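The values are calculated or read from the model by the stated rules, or taken from the named source; none is laboratory data. Quick caveat: nothing in here was measured; it's all calculated off a predicted structure. Quick reminder, even Gly has a Cβ in these numbers, built from the backbone with ideal geometry, and neighbours come from all protein chains shown. We work out accessible area using only protein heavy atoms, side chains counted, and drop any ligands, DNA or RNA first. Shrake-Rupley method; radii C 1.70, N 1.55, O 1.52, S 1.80 Å.
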Amino acid sequence: MFSHVMLGADDLDASRAFYDATLGALGIPPGAIDAKGRLIYTHKGGRFMVTRPIDGGSASHANGGTVGFLAPSYEAVEAGHAIGVAHGGTTCENPPGLRELGDGRRLYLAYLRDPAGNKLCLLTPATAP
């Protein structure tokens with residue numbers, strides 16, 4: 001359904017340090033800066049990008065918005081969260097762990113904010129208890 005996700009940030013160096021480390025824990029290769037100055041991550045056909053706002057204004061996070069990244073394991077969720085916090089992110093919501101979706105499905109997930117305040121979710125399907 002989606003071709004890409006793009007978030008705004010004022011400090012692309014801080015974003016690159018954060019996302020290279022955090023997404024690296026999920027097996028996603030480091031990002032690259034394109035000719036327009038956007039930070040781009042490509043993995044399994046998906047593209048995630050971070051850019052300074054085109055209008056020249058300050059970046060702001062979406063209140064209520066969350067970008068979810070699929071992780072290969074519980075350990076990758078935990079590592080990505082810890083590494084993200086160590087690289088300028090902040091934890092939010094509950095600590096990493098199992099969540100019941102109310103429809104019988106369960107996820108193991110962690111929420112954090114990037115250095116620009118954008119909310120992320122690192123998640124993997126839950127296995128048996």
Modelled label reach - VAL5, point 7 Å along Cα→Cβ, region 48-75 residues with backbone N closer than 20 Å: 48-54, 59-75
Pairwise label distance in nanometres, THR90 with ALA32, each label 7 Å out on the Cα-Cβ vector: 3.4 nm
Between 0 and 90°, nearest 10: helix 74-86 axis offset from the chain longest Cα axis: 40 degrees
Sites excluded, trypsin sites (Lys or Arg not before Pro) in DSSP loops with at most 12 other C-beta within 10 Å, longest stretch of the chain: 45-104
Average silhouette area of region 4-59, convex hull of alpha-carbon atoms, in square nanometres: 3.8 nm²
Degrees, to the nearest 10: 12-24 long Cα axis against longest axis of the chain: 30 degrees
D_trans [Stokes-Einstein, Kirkwood Rh over alpha-carbon pairs] for the chain, 37 °C, 0.692 mPa s, µm² s⁻¹: 218 µm²/s
Residue-normalised accessible area of the chain, given per residue in Å² at a 1.4 Å probe: 56 Å²
In range of the label at HIS61: residues from region 101-125 whose backbone nitrogen is under 13 Å from the point 7 Å along Cα→Cβ: 111-122
